[in-house]
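The values are calculated or read from the model by the stated rules, or taken from the named source; none is laboratory data. Small disclaimer: the values here were computed from a predicted structure and weren't measured. Cβ atoms come from the backbone with ideal geometry, glycine included; neighbour counts cover every protein chain shown.
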Amino acid sequence: MLARFTNLIKQDLTVTFRNYFHYAIILLAILMIVVINLIVPESVKLTPNEVFYDGTEEKTLQQFLLQEGLEESQLFPSKEALFQEVEEEDNTIGIIMEGDLENPKFTILYQGRESVEIINLLSVTIEEALNRMRGVEATPGYRVEYLRSQAEPIPFNKSLVPMMLVLEPVMLGFILIAVMIFQEKEEGSLRAYRVSPAGTMQYILSKVAVITLLALLYSGLLLLFTMGLDVNYLKVLLMIILSNFLITLIGLSISVFFKNLEEFLFVAVLILAILGLPMVSYFTPTFTPDFITWLPSYSMLFGIREIIFPTGKQHYVTALQWGLILQALIMLAVSYWVVHKQLMKEGK
């Protein structure tokens with residue numbers, strides 16, 4: 001049995017190499033590495049950029065802002081220069097201070113597209129800054145208590161790594177298994193497989209094993225050249241294996257009901273769009289309806305993020321992994337049944 005299974009893997013690897021799947025995976029990994037390291041910035045400012053002109057004689061605001069770490073490029077020598085900057089830069093708000101510290105006059109220049117909340121928040125921030133410049137420290141009416149030690153801020157470009165890691169198991173694993181199935185249908189190799197001593201389970205596991213190897217190749221390259229060695233590779237790759245195993249089985253179970261890749265692609269795009277919804281929650285945590293958390297891609301995405309950027313929730317990762325294992329076992333039984341009925345009986 002082991003020898004037959006090994007031969008099946010060799011055959012599937014041969015098909016993979018013949019179709020240059022490994023080259024496609026390597027090129028995709030290189031593309032993602034370039035995007036993360038060279039194109040996407042480490043920080044992204046989503047709120048408007050503030051620029052200042054201090055028209056007071058003492059330059060009180062300017063001195064205060066520099067002490068607070070403001071970059072000198074955000075300070076302008078005249079109102080005219082500030083006006084020009086706000087006109088030329090769409091995502092910029094200008095703040096002008098005149099008078100003196102006791103009788104200040106502030107003017108806010110904005111584009112007109114900003115929400116009322118942003119302008120109100122800016123006004124409150126200016127008032128708090130004035131109090132601090134006057135030496136008045138306000139006593140907060142609340143207490144902050146951290147339940148866990150605070151993690152280091154994640155650079156924006158590095159925050160894309162978990163999403164890029166999920167891309168291969170979810171997107172490519174789902175598609176590649178279908179490509180392999182339809183190719184075997186066209187070549188007629190399934191008819192030959194029906195009369196061979198190998199069984200349905202070996203057929204399924206061989207396909208999944210080869211696609212998992214491709215996923216590990218992609219993930220290993222991406223991790224190494226974006227995160228370096230400062231990652232728990234064992235835990236991440238285990239999550240990749242579980243994710244790839246599950247999604248590949250889903251793709252296999254669906255693809256067997258279609259005659260060719262063209263018919264399958266329409267349904268595949270719809271399913272992949274649904275599986276991609278957790279990526280919206282990844283960047284907008286406030287949008288996390290219950291149905292998104294039920295998707296397997298949610299467990300994959302947030303589990304991998306917790307492993308790469310730990311916040312002390314190891315129990316959360318363990319629970320997600322057990323959930324993926326349970327789902328994978330269920331899908332293994334489902335895929336065995338549909339493959340045995342749809343492929344092994346028809347031999348198409």
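Summary of computed values
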read-out	value
Failed item, numbered, when I39 is tested on (1) at pLDDT 90 or above; (2) of a type in the set (V, I, T); (3) within 30 Å of A178 (Cβ to Cβ)	(3)
Some residue of region 79-99 being on the phi < 0 side of the Ramachandran plot, buried (at least 18 other Cβ atoms within 10 Å of the Cβ), polar (S, T, N, Q) and not assigned by TED's automatic domain parsing to the domain that holds M180	yes
In region 248-283, the residues that are closer than 16 Å to P296 by Cα and either outside any helix (DSSP H, G or I) or outside the structural domain of L216 (by TED's automatic domain parsing) (or both)	G276, L277
Residue match in region 299-319 (condition: in a helix (DSSP H, G or I), assigned by TED's automatic domain parsing to the domain that holds I175 and either touching a strand residue (DSSP E or B) at 6+ places or on another chain (Cβ under 7 Å) or charged (D, E, K, R) (or both))	yes
F106 vs. criteria out of contact with any Pro (no Cβ under 6 Å at 6 or more places or on another chain), within 24 Å of R134 (Cβ to Cβ) and surrounded by 11 or more Cβ atoms within 10 Å (Cβ to Cβ)	yes
Failed criterion for V339 (all others in (1) under 24 Å from T212 (Cβ atoms); (2) out of contact with any helix residue (DSSP H, G or I) (no Cβ under 6 Å at 6 or more places or on another chain) hold)	(2)
F291 surrounded by fewer than 19 Cβ atoms within 10 Å (Cβ to Cβ), assigned to a helix (DSSP H, G or I) and either within 18 Å of the chain's Cα centre (by Cα) or assigned by TED's automatic domain parsing to the domain that holds Y336 (or both)	yes
Where F309 falls short, out of the listed (1) of a type outside the set (V, I, T); (2) touching a helix residue (DSSP H, G or I) at 6+ places or on another chain (Cβ under 7 Å); (3) at pLDDT 90 or above	(2)
Verdict on T212 being touching a residue at least 12 places away in the same chain (Cβ under 8 Å) and more than 15 Å from I25 (Cα to Cα)	no
Condition check for Q63: within 21 Å of V44 (Cβ to Cβ), polar (S, T, N, Q) and surrounded by 11 or more Cβ atoms within 10 Å (Cβ to Cβ)	no
Helices (runs of 4 or more DSSP H) contained in region 1-101 and holding at least 1 residues within 29 Å of V161 (Cα to Cα), among the aliphatic types (A, V, I, L, M) and within 35 Å of the chain's Cα centre (by Cα)	2-18, 21-34
Every pair of residues 6+ apart whose Cβ atoms lie under 7 Å, when the first sits in region 245-259 and is in contact (Cβ under 8 Å) with a residue 60 or more places away in the chain while the second is of a type in the set (K, R) and part of a helix (DSSP H, G or I)	L252/K207
Among the residues listed as Q183, Q202, the single one being part of a helix (DSSP H, G or I), modelled with pLDDT under 90, surrounded by 17 or more Cβ atoms within 10 Å (Cβ to Cβ) and not charged (D, E, K, R)	Q202
Which numbered condition A3 misses (of (1) out of contact with any strand residue (DSSP E or B) (no Cβ under 8 Å at 6 or more places or on another chain); (2) surrounded by 11 or more Cβ atoms within 10 Å (Cβ to Cβ); (3) at pLDDT below 90)	(2)
Residues of region 113-126 classified as within 22 Å of S78 (Cα to Cα) and either polar (S, T, N, Q) or under 34 Å from the mean Cα position of the chain (by Cα) (or both), total	2
